[in-house]
Structure formats: C-alpha cells, structure tokens
Amino acid sequence: MTDRAYQTTNDAAVTPWPRLGLRPLAIVAMALSMLGAFVLSLSLGSVRIPPDQVLTILLGGEAERASWTTIIYDFRLPKAMTATLAGAALSVSGLQMQTLFRNPLADPFVLGVSSGASLGVALVVLGVGAANTALLSVVGLLSNFTLAAAASLGAAAVLMLVLILAHRVQHSVTLLILGLMIGYLTSAVVSLLLYFSIAERIQAYIAWSFGSFGGVTWAQLRVLAPAIGIGLLLAIALTKSLNALLLGEAYARSMGVDIRRARFGIVASGALLAGAVTAFCGPIAFLGLAVPHLCRALLRSADHRLLIPACIFIGATTALLADLVAQAPTMSVVFPLNAITSLLGAPTVIWIILRRGVQRGTFGV
Amino acid sequence: MTNVVLSAENLSIGYPARRRQCRVIAKDLQLHLRRGEVVCLLGPNGAGKSTLLRTLTGMQPPLAGRIWLDGQDLSAFNARELARRMSVVLTERVEVGPLTAYALVALGRHPYTDWTGRLRPHDEAIVRWALEAVHAAHLARRMVYELSDGERQRIMVARALAQEPLVMVLDEPTAFLDLPRRVEIMQLLRRLAREARQAIILSTHDLELALNMADVLWLLTADGTFYCGAPEDLVLKGVLETIFADTGMVFDRMRGQFRMHQTMRRRANLTGDGLAKIWTARALERAGWQVVELPPAEAHVTIIGDNHQPSWELSVNGAPKQQFTSLYAVVHWLQQQCQEEEQHERHARATDCA
C-alpha cells in the first residue's frame with residue numbers, strides 16, 4: 001500500500017509515544033546479580049573463602065591457602081557452573097512452555113522429558129541392578145556416569161517421541177495432554193520398580209529425585225554446557241515467533257509464523273534444555289515455573305526479547321541462591337535441593353498471582 | 001472492473017471427512033472483493049461463515065476452486081508473504097499477559113521485521129498511524145488487560161492495520177460488545193474502507209448494522225445456498241425475506257427492519273399522524289394488534305395533542321372512550337380488555353356445556 005500516507009498528527013507531542021526499548025539497565029542489573037550470586041556461591045560453604053580470594057583464584061593467582069584453590073576448582077566451580085546453567089536452562093524452557101501452551105502453569109517438565117529421565121534412572125538403579133547385585137554397588141552407581149547416561153537416554157527417548165508428535169499434531173494442547181500421559185505412564189512403571197526393589201536402591205533413587213547440582217564433574221560439564229548452549233541459542237533464535245505466539249496460534253499464523261516449524265523449534269529447545277538438566281542434576285522442581293512469572297512481574301512486560309535474557313540471569317541467580325540455602329553454610333547438613341526450590345518458589349508464585357492486576361496480566365482469569 | 005484484491009472462482013468449502021468423502025458446506029461460490037469495499041458475511045450459526053473465512057485466509061484448503069489474492073493464487077503464498085497481504089481479527093478474546101497496547105499493535109509488524117523483531121523508524125510510524133486511525137493513540141501506554149472490551153477490539157483492529165494488509169478479515173468482531181461499541185467498531189471499519197481504501201470482510205450476526213454499513217452482503221444459508229449483492233439489491237429482490245422466513249423473524253421491506261413474527265388476531269383502527277403515529281403503530285403491533293387505516297376494527301385508537309405531548313383516546317368494541325397519557329398504559333389496558341373478553345368467552349362456553 002504505497003499510496004497511504006502514514007502521517008501522524010501532532011498529538012504525539014502532547015502524549016509522547018511509548019518506546020519498545022530493550023531496557024539495557026534492567027538486564028545489566030540482572031546480569032550483575034547473577035555474577036554476585038556466582039561469587040557468593042564460590043565463597044560460602046563448609047569452608048568460608050573470602051570473595052577477594054575467590055577472585056584471585058579464578059584469575060589464576062595464588063590464594064592464601066593452597067587448599068582453597070583445590071576446593072574452588074574441584075568442587076565449588078563445577079557446582080556453581082552447573083547451577084548457573086541449570087537455572088538459566090530451566091527458566092528459559094519454562095518460559096517457552098508457558099508461551100507455547102498459553103498456560104501459566106506450564107513448566108519445563110510438561111512435555112514429559114523429566115519423566116523419561118526418571119524412568120531411565122529407575123531402570124538402572126532399581127531394575128538392572130537387581131539382576132547382578134554384586135557387580136554394582138549403589139553408592140558407586142550414584143557417582144557414576146551410568147546414572148547421567150541412563151537419565152539422558154530416558155530424556156532423549158521422550159524428546160524424540162515429543163518431537164515427532166510436535167510435527168504431526170494440529171494443536172499444541174494435544175502435546176500438553178500427551179506429555180501428561182507420558183508422565184503418568186512412567187511414574188506407574190517407576191512405582192512398580194520401587195515396589196519390587198530393595199531399600200538401599202529405593203533410597204538411591206529417591207536421593208536422585210531430590211535433585212542436586214553437586215554431582216556434576218568437569219567431564220560431565222563438557223556434555224551439559226554445549227547441550228544447554230545449543231538449547232539457549234535456539235531459544236534466542238525463536239524469540240520473534242514466541243512474541244507472535246502470545247496472541248495464540250491462529251494469530252501467529254496470520255502474522256506469517258510457520259507454526260509447525262516454530263513449534264518444532266520451541267519444543268526441541270525446551271525439551272533439550274529440560275532434558276539435559278534433568279539428566280545431570282535430577283528433576284529440579286519449581287525453578288522453571290516460578291522464574292518466568294518473576295521476570296514478567298519485575299519487567300512488567302511479556303516481550304520475549306526482554307524475558308529470555310531476564311530468565312537466563314534471574315534463573316541462574318535463583319538456582320545459585322537455592323543451592324546456597326540447601327548447603328546451609330552454618331550447619332553440617334545438606335538439604336534436598338528440591339525442597340528448597342519449592343519452599344522458595346511456591347510463595348513467589350503465590351505472591352505474584354495474588355497481586356491485583358498482574359493476576360489478569362499473567363494470562364487470563 | 002479493476003481494483004479486485006480478492007476473488008474466488010467455483011469455490012467449494014467444507015471439510016474432508018473419512019473414506020475420501022467430503023462434507024461440503026457450500027459450493028461453486030464466485031466472490032469478488034474490491035479495494036475500499038466492506039463485505040458483511042451473514043448467516044445463521046453453523047451455516048459455515050467461519051469455514052468460508054478460514055478458507056479465504058488460507059488457514060484451511062478449499063475442497064475445489066481457486067482463490068486469487070493480489071493477482072496470485074492464494075495457495076502459492078508462503079506464510080510471510082500472505083501475512084503482508086492479509087490480516088485477521090478473531091472472535092476470541094486474547095490474553096497476552098503484561099503487554100502495552102502499543103506493543104500489541106507493534107506485533108502486527110511481524111511479517112516486515114528481521115529475525116530479532118526490531119522495529120525500524122518506518123515500522124514505528126506505521127504503528128502510530130494505525131493507533132491514530134482507530135482513535136486509540138491515548139491508549140498506547142495502557143496494558144491490554146486494563147482495556148475495556150471495546151477498546152481492546154479497537155487495538156486488535158489497529159494491530160491488523162499495522163500489518164498493512166490488502167484485505168482485512170474480521171470474524172465476528174462485535175460478538176461480545178454492547179450496542180454503542182458495536183456501532184463504533186462498524187463506523188471505524190466503514191471509515192477505514194472509505195479513507196484508507198481498505199478492503200474489509202467481516203462476519204456478523206448484526207443484520208441491521210450490516211444492512212446499514214456494508215457495500216456488499218454475502219449471505220450463507222443453512223442449506224448451503226449463497227447470495228451476494230448490495231444490501232439494497234438483496235432487499236428489492238426479496239432475498240432477505242426468503243432467508244429468514246422460517247426463523248420467526250419477519251423482514252419488513254418498507255422499514256428495512258426485522259420484526260418478531262406474531263400472529264395478529266385483532267385489528268386496531270389508528271388515526272393520527274407523524275412520529276406519534278409510527279411509534280403507536282409499533283406498540284400496537286408488539287401487543288399483537290394489526291393496525292388498519294379504516295374500520296371495521298375491534299379497537300379504535302385516536303392520537304390527540306401534538307407530537308411532543310401526545311395522548312391517546314381508546315375505545316374497544318364500542319365501549320365508552322378512555323384517555324391515556326402513555327403508550328405503556330394504552331397497551332396495558334388493551335391487553336386487560338382482551339383477557340376479560342377471553343374469560344367471558346370461556347365462562348360462556350363452560351355454562352353451555354353444563
């Protein structure tokens with residue numbers, strides 16, 4: 001339509017037009033909070049290492065005590081990096097699922113990926129072990145690559161299934177229901193395995209299901225980090241489609257979004273992010289549900305160009321802090337990570353939902 | 001004729017069903033839409049209005065025939081190229097979360113922006129133009145969930161406009177609005193068609209509004225028959241009367257209105273003139289009295305006084321005259337008289353039997 005003159009009147013001078021900026025200040029503040037939490041998580045623990053010493057060690061300098069360098073490099077750095085990656089991955093994945101399904105209760109696990117992972121772990125810990133009890137000790141299994149491999153296989157199997165379905169079904173809601181059903185099926189199999197298993201193995205399985213950032217080694221990080229990197233890049237590439245999907249699939253299609261391709265991409269990256277994290281850290285509850293809500297409330301925006309970086313930074317911060325709380329630096333116990341994320345996450349979601357206006361703003365009612 | 005932006009040849013719409021059979025909703029449709037035209041698509045629920053709109057917007061393939069948009073076959077467009085020529089407003093109420101009206105309208109630039117979705121100055125200018133075109137510039141900073149239904153619908157029209165479409169398709173855009181808001185949206189669309197030469201197709205149940213504002217009516221009936229033409233042409237041909245014959249609605253060709261169908265058992269002779277006469281006649285018809293100019297009639301109604309302060313003189317079956325100052329009282333009294341009469345009759349019949 002070349003013959004139309006897009007002249008606007010001078011009203012704009014009276015009420016200035018809003019700008020859809022990327023809010024760099026807010027995003028940088030979030031990034032700084034993540035860095036702060038990262039240093040804090042390296043500094044606190046059973047042995048307290050001053051933050052300036054942490055920085056010295058990270059920059060390759062000599063610490064006051066040689067043992068500190070070992071603690072940082074062998075234990076705390078891989079754990080902190082895992083927490084950062086996992087927090088970012090789960091939050092972005094949760095955001096994608098909430099937008100794709102237009103459902104505020106969707107989280108990274110709605111597609112059944114974590115159910116697949118838990119089935120894989122259950123089969124290894126509870127099932128295969130039963131045949132040759134003498135060969136594998138339960139404690140050995142836990143620290144072993146086998147567990148991560150089993151979880152990865154389980155997650156990957158469900159991921160493939162979901163991807164095939166994502167390409168074939170008409171409506172995304174169908175995917176949601178299929179994901180739920182996969183969840184029920186796997187939990188049924190897991191409870192059967194639990195029923196016929198022995199106490200030590202059940203305990204090992206439950207320990208895995210509590211979730212932990214601690215068990216990930218440098219070697220495992222070499223798998224986890226690229227997987228999450230690919231997932232996040234894919235998510236960033238799909239930002240524009242996610243924005244169009246805010247209006248629903250019919251509108252998105254009318255705006256030129258190739259729905260099948262966009263859905264395939266979103267499901268692939270969301271499931272990859274959730275699957276990778278679950279495989280190495282266990283099913284981490286609530287982060288993926290709560291962080292997107294928190295970001296929307298903080299930024300008062302549903303624009304994914306803002307929400308994706310925000311979810312990466314806030315998600316990582318939250319995961320680092322939750323891990324810190326679970327370590328309980330002043331006490332000699334370690335709490336289950338899932339208990340902490342739920343204890344922090346549930347009140348956050350309740351608080352966000354109960355705030356007037358945002359309730360309607362965060363999808364309907 | 002030039003300026004045809006959308007047309008369809010021998011179009012059949014419907015759904016493919018099982019075993020290679022199809023559920024055909026309508027067939028052999030010939031459609032044309034020109035720039036600056038407003039087409040209203042009318043028809044009872046289930047006649048296939050939405051199916052026709054989905055087919056014309058490429059969301060569903062036709063069973064047969066071809067659709068031409070901007071001189072090319074509709075099925076040849078990819079999603080992005082189609083989105084640059086056609087935009088939609090759907091019936092469903094969208095819930096988008098915390099998004100300002102401005103950001104929502106800016107989503108309409110989707111088929112024009114790069115992969116990051118960044119708005120160039122040209123895009124911003126069009127978003128602002130679209131907001132002003134629907135008189136919603138003052139809503140730009142408001143959150144979409146704070147808007148009333150009417151405001152929200154205007155924003156959705158602005159979003160569709162920002163897509164710079166050749167054809168804008170609206171599926172029952174006034175479905176959940178009250179009457180003033182419906183008129184407002186219809187006027188807005190009429191103005192866009194006239195001033196911006198926008199071609200618009202909208203489906204609606206609002207027959208009288210459609211008759212007043214459409215350039216062309218597309219009428220789909222429940223049995224798949226399709227009528228098309230200017231509203232006035234369709235009225236003169238008697239098409240509207242035919243279509244709504246069995247629905248309990250009567251189309252009054254003289255007045256261009258629909259009325260509820262009622263059996264008129266009694267006649268009232270009405271004398272008077274001007275506005276008061278027209279509205280008195282309506283009140284009497286609503287009460288089930290046929291208005292006649294000349295006797296014989298069961299009731300005689302005379303309007304006395306002028307049109308500003310009328311009063312009414314009534315007599316039924318030659319009984320003494322009564323005066324009333326409102327039509328409500330007139331109707332009430334007439335109905336009372338009828339009921340008394342019926343009771344008498346029933347009583348008389350009962351004694352006869354005894």
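The values are calculated or read from the model by the stated rules, or taken from the named source; none is laboratory data. Please read these numbers as outputs of a predicted model, since none were measured by experiment. Virtual Cβ from ideal backbone geometry, glycine too; neighbours counted across all protein chains shown.
When we screen B:Leu166, B:Leu170 for residues that are under 29 Å from B:Glu232 (Cβ atoms) and more than 10 Å from chain A (Cβ to nearest Cβ), the only hit is B:Leu170. The set of residues from the range B:32-51 being buried (at least 21 other Cβ atoms within 10 Å of the Cβ) and not in a loop (DSSP other than H, G, I, E, B) comprises B:Leu33, B:Val38, B:Val39, B:Cys40, B:Leu41, B:Leu42, B:Lys49.
When every residue of the range A:199-208 is checked against the conditions, none turns out to be of a type in the set (Ser, Thr, Tyr) and assigned by TED's automatic domain parsing to the domain that holds A:Gly345. Identify, please: which residue in the range B:93-112 is more than 16 Å from B:Arg154 (Cα to Cα) and either facing another protein chain (nearest Cβ under 7 Å) or within 29 Å of the chain's Cα centre (by Cα) (or both) and is, among those, modelled with the lowest pLDDT? Only one residue tops the list, namely B:Gly97. Within the range B:228-243, being of a type outside the set (A, V, I, L, M, F, W, C) and on the phi < 0 side of the Ramachandran plot holds for B:Pro231, B:Glu232, B:Asp233, B:Lys237, B:Glu241, B:Thr242. Scanning the range B:273-306 for residues that are crowded, with 18+ Cβ neighbours inside 10 Å and either on the phi > 0 side of the Ramachandran plot or charged (D, E, K, R) (or both) gives a single hit, B:Glu298. Applying the selection to the range B:135-175, what residues are free of Cβ contacts under 8 Å to residues at least 60 places away in the same chain and at positive phi? Once the filter is applied, which keeps residues that are free of Cβ contacts under 8 Å to residues at least 60 places away in the same chain and at positive phi, the range B:135-175 yields only B:His135. For the range B:124-140, the criterion of being aromatic (Phe, Trp, Tyr), at the interface with chain A (Cβ under 7 Å from one of its Cβ atoms) and out of contact with any helix residue (DSSP H, G or I) (no Cβ under 6 Å at 6 or more places or on another chain) is met by at least one residue. Across the range A:237-254, the number of residues qualifying as within 7 Å of chain B (Cβ to nearest Cβ), surrounded by 21 or more Cβ atoms within 10 Å (Cβ to Cβ) and farther than 20 Å from B:Pro98 by Cβ comes to 2.
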